[in-house]
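**Student:** The structure is given below, and queries will be raised subsequently.
The values are calculated or read from the model by the stated rules, or taken from the named source; none is laboratory data. Keep in mind the model is a prediction, meaning the values are calculated, not measured. Here the Cβ positions follow ideal geometry from the backbone for every residue, glycine too, while neighbour counts run over all protein chains shown.
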Amino acid sequence: MIKTSNLLKRSACALAVSGAIAISAPTFANDTFNGTVKGVVSNAQQQVLENATVTLKHKTKGVTRTITTNEDGSYTLRKLPVGEYIMTIEKNGYEQIIEQDLLVTVGGSVVFNNTMYSVGTDMETIEITGSSIARVNMESSTGGIVVTKAELERLPVETGFEAIALLTPGVVSNGEFGASSIGGSSSAENAYYLNGINITNIKTGIGSIGLPWEGVAQTEVMTGGIDPKFGGALGGIVNAVSKSGSNEWEFEAYARIDPDFTRSHHDNLIDREGNYFSNTAQDESTFTRYSISAGGALIEDTLFFYGVYAPQKNDYENGKNNTIDIGENTSDRYLATVDWFITDDHSITATAIGFTNKGKGKTYANDCKQKTLASS
């Protein structure tokens, strides 16, 4: 006999455009989801070299950034799209320096100091050449970690912001609210960002809005010493950057099915008097998720697109002592980004996020001892 029925639906859509025009000012909003490379160039006598040309070229996008060193031999390249770069350093009279795999991470600052040697050095002289890369920025007190998509695929953890946050020292799970406690703060004191957009759940302040995790490239979890540009969050910051198109068009499909028969079940819980107080034997759940994505260059080296659509569904049976809930929850999620690198100092990123969650189900009278629905 059907006792009750319900139909729940909630949806939301977020559309934001973040842009930056960088001329000489030190920081802008989009520094939060890009990276920085800086360092000092010197010669073999440890004298700083002025006007050495430093060039970074993104391996997949072809985006190029060029700067010359200052009087003190220092250089700083900001607002760099995340990913791997090829770095070259050149100066007349010195041998060229090439670094093939320089990884720039979200919100990170790579310190790359270099020593250049004069052309035509006496061949009988033995010289040890090289450069030093410091991936810990000693100028910042911010603590935390950065996890890339490639690293996450190698780790035996669930996807999602909370799963990544739990990889960070000082973060503990709060199962009651479904969001983590970072640095001893409550789950409602954290803030979540994607491409510089605040995607913290507006209604509750706990966790983030739903988004297709397949479209996230890197995630930074900050646990302390947080920069004021992230606003007034008292807890931690989860700062992510989405995937982006490259000069080569790429297409990807993904499927995940967690069938109920692969889950372990245990019998109902019975108190010492023999009364049933928790019906767990009838609990069932089958989860499915699919995604398709595409990304590439609309204009080579300049304008890039990436988009992903990822619906998911959970069929469930939730048993109670005298009733059982049978239903399903579905979620349609999408993410799209357009990156326009107008010049070396001007770029625009537009990000669209959409999700719709629906739930429907019915409650039946149930005989938990017989593990069957009661007859009408």
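**Student:** What number of residues in region 18-51 are under 22 Å from Thr343 (Cβ atoms), small (Gly, Ala, Ser) and at pLDDT 85 or above? Walk me through how you get there before you give the answer.
**Tutor:** Taking region 18-51 first, the residues under 22 Å from Thr343 (Cβ atoms) are 18-38, 51.
With small (Gly, Ala, Ser) added as a condition, the list becomes 18-20, 22, 24-25, 29, 35.
If we keep only those that are at pLDDT 85 or above as well, we get 35.
Counting residues in region 18-51 that are under 22 Å from Thr343 (Cβ atoms), small (Gly, Ala, Ser) and at pLDDT 85 or above gives 1.
**Student:** Would you confirm, using the coordinates I've provided, whether Glu84 is touching a residue at least 24 places away in the same chain (Cβ under 8 Å) and not β-branched (Val, Ile, Thr)?
**Tutor:** Values: touching a residue at least 24 places away in the same chain (Cβ under 8 Å): yes; not β-branched (Val, Ile, Thr): yes.
Against the criterion (touching a residue at least 24 places away in the same chain (Cβ under 8 Å) and not β-branched (Val, Ile, Thr)), Glu84 qualifies.
**Student:** Might you let me know whether region 6-17 holds any residue that is closer than 18 Å to Val111 by Cβ and either surrounded by 15 or more Cβ atoms within 10 Å (Cβ to Cβ) or at pLDDT 85 or above (or both)?
**Tutor:** To start, the set of residues in region 6-17 that are closer than 18 Å to Val111 by Cβ comprises none.
No.
**Student:** Next question. Of the residues Ile237, Ile199, only one is crowded, with 20+ Cβ neighbours inside 10 Å and over 22 Å from Ala150 (Cα atoms); which?
**Tutor:** On the way: Ile237 fails: over 22 Å from Ala150 (Cα atoms).
Every option except Ile199 fails the conditions.
**Student:** Going through Glu252, Glu248 one at a time, which residue ends up being modelled with pLDDT of 85 or more, part of a loop (DSSP other than H, G, I, E, B) and of a type in the set (D, E, K, R)? It would help to see each step written out before you state the result.
**Tutor:** Values: Glu252 fails: part of a loop (DSSP other than H, G, I, E, B).
Within the list Glu252, Glu248, the selection yields Glu248.
**Student:** Filter region 160-195 for residues that are farther than 20 Å from Gly231 by Cα, touching a strand residue (DSSP E or B) at 6+ places or on another chain (Cβ under 8 Å) and in contact (Cβ under 8 Å) with a residue 40 or more places away in the chain and give the result.
**Tutor:** Ile164, Leu167, Thr168, Pro169, Gly170, Val171
**Student:** Just to be sure before I move on: is Phe305 at pLDDT 95 or above, within 28 Å of Val63 (Cα to Cα) and of a type outside the set (Gly, Ala, Ser) in the structure I sent?
**Tutor:** Numbers: at pLDDT 95 or above: yes; within 28 Å of Val63 (Cα to Cα): yes; of a type outside the set (Gly, Ala, Ser): yes.
In short, yes.
**Student:** Taking region 271-302 as the search range and keeping residues that are of a type in the set (Val, Ile, Thr) and modelled with pLDDT of 75 or more, which one is nearest to Trp249 (Cα to Cα)? Let's see the steps before the verdict.
**Tutor:** The initial filter retains those residues of region 271-302 that are of a type in the set (Val, Ile, Thr), namely 280, 286, 288, 292, 299, 302.
Right, trim to modelled with pLDDT of 75 or more and you get 286, 288, 292, 299, 302.
Working: Thr286: 34, Thr288: 27, Ile292: 14, Ile299: 12, Thr302: 14 Å.
Once the filter is applied, the top-ranked residue is Ile299.
Rundown of residues vs (1) surrounded by 16 or more Cβ atoms within 10 Å (Cβ to Cβ); (2) at pLDDT 90 or above, yes/no style:
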residue: Ser264; (1), (2): no, no
residue: Leu269; (1), (2): no, no
residue: Thr323; (1), (2): yes, no
residue: Leu335; (1), (2): yes, yes
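**Student:** Yes or no: Thr60 over 25 Å from Tyr94 (Cβ atoms), out of contact with any Cys (no Cβ under 9 Å at 6 or more places or on another chain), of a type in the set (Val, Ile, Thr) and modelled with pLDDT of 85 or more?
**Tutor:** Details: over 25 Å from Tyr94 (Cβ atoms): yes; out of contact with any Cys (no Cβ under 9 Å at 6 or more places or on another chain): yes; of a type in the set (Val, Ile, Thr): yes; modelled with pLDDT of 85 or more: yes.
Yes, satisfied.
**Student:** For region 114-140, how many residues are surrounded by fewer than 16 Cβ atoms within 10 Å (Cβ to Cβ), at pLDDT 60 or above and not in a loop (DSSP other than H, G, I, E, B)?
**Tutor:** Going through region 114-140 one residue at a time, the tally reaches 1.
**Student:** Mind listing just one residue for me: the one in region 287-301 that is hydroxyl-bearing (Ser, Thr, Tyr) and touching a residue at least 40 places away in the same chain (Cβ under 8 Å) and, of those, farthest from Thr363 (Cα to Cα)?
**Tutor:** Initially, region 287-301 is screened for residues hydroxyl-bearing (Ser, Thr, Tyr), giving 288, 290-291, 293.
Then keep just the ones that are touching a residue at least 40 places away in the same chain (Cβ under 8 Å); that gives 291, 293.
Working: Ser291: 31, Ser293: 37 Å.
Checking each candidate, the answer is Ser293.
The rows are residues; the columns are (1) β-branched (Val, Ile, Thr); (2) within 13 Å of the chain's Cα centre (by Cα); (3) part of a loop (DSSP other than H, G, I, E, B).
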{"position": "Ile202", "(1), (2), (3)": "yes, no, yes"}
{"position": "Ile206", "(1), (2), (3)": "yes, no, yes"}
{"position": "Leu211", "(1), (2), (3)": "no, yes, yes"}
{"position": "Ala217", "(1), (2), (3)": "no, yes, no"}
{"position": "Ile226", "(1), (2), (3)": "yes, no, yes"}
{"position": "Leu234", "(1), (2), (3)": "no, no, yes"}
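**Student:** Anything in region 141-160 that is exposed (fewer than 12 other Cβ atoms within 10 Å of the Cβ) and within 16 Å of Ser109 (Cβ to Cβ)? List them, or say none.
**Tutor:** Scanning region 141-160 gives a single hit, Ser141.
**Student:** Using the structure shown, decide if Phe261 is closer than 30 Å to Ile292 by Cβ, assigned to a helix (DSSP H, G or I) and not charged (D, E, K, R). Break it down stepwise before answering.
**Tutor:** Working: closer than 30 Å to Ile292 by Cβ: yes; assigned to a helix (DSSP H, G or I): yes; not charged (D, E, K, R): yes.
Considered against the rule, which asks whether it is closer than 30 Å to Ile292 by Cβ, assigned to a helix (DSSP H, G or I) and not charged (D, E, K, R), Phe261 comes out as yes.
**Student:** Give region 161-177 a look and list any residue that's assigned to a loop (DSSP other than H, G, I, E, B) and surrounded by 14 or more Cβ atoms within 10 Å (Cβ to Cβ), or say none. Don't jump to the end; show me each part of the working.
**Tutor:** So the first thing to find is which residues in region 161-177 are assigned to a loop (DSSP other than H, G, I, E, B), and the list is 166-170, 173-177.
Across region 161-177, the qualifying residues are Leu166, Leu167, Thr168, Gly170, Ser173, Asn174, Phe177.
**Student:** So, one more: Does region 297-314 contain any residue that is within 23 Å of Asn268 (Cα to Cα), in contact with a strand residue (DSSP E or B) (Cβ under 7 Å, 6 or more places away or on another chain), in a strand (DSSP E or B) and not aliphatic (A, V, I, L, M)? Show your work before the answer.
**Tutor:** We begin by selecting, within region 297-314, every residue within 23 Å of Asn268 (Cα to Cα); these are 314.
So of that shortlist, the ones also in contact with a strand residue (DSSP E or B) (Cβ under 7 Å, 6 or more places away or on another chain) come out as 314.
Subset that is in a strand (DSSP E or B): 314.
From what's left, not aliphatic (A, V, I, L, M): 314.
Within region 297-314 (the criterion being within 23 Å of Asn268 (Cα to Cα), in contact with a strand residue (DSSP E or B) (Cβ under 7 Å, 6 or more places away or on another chain), in a strand (DSSP E or B) and not aliphatic (A, V, I, L, M)), the answer is yes, since at least one residue qualifies.
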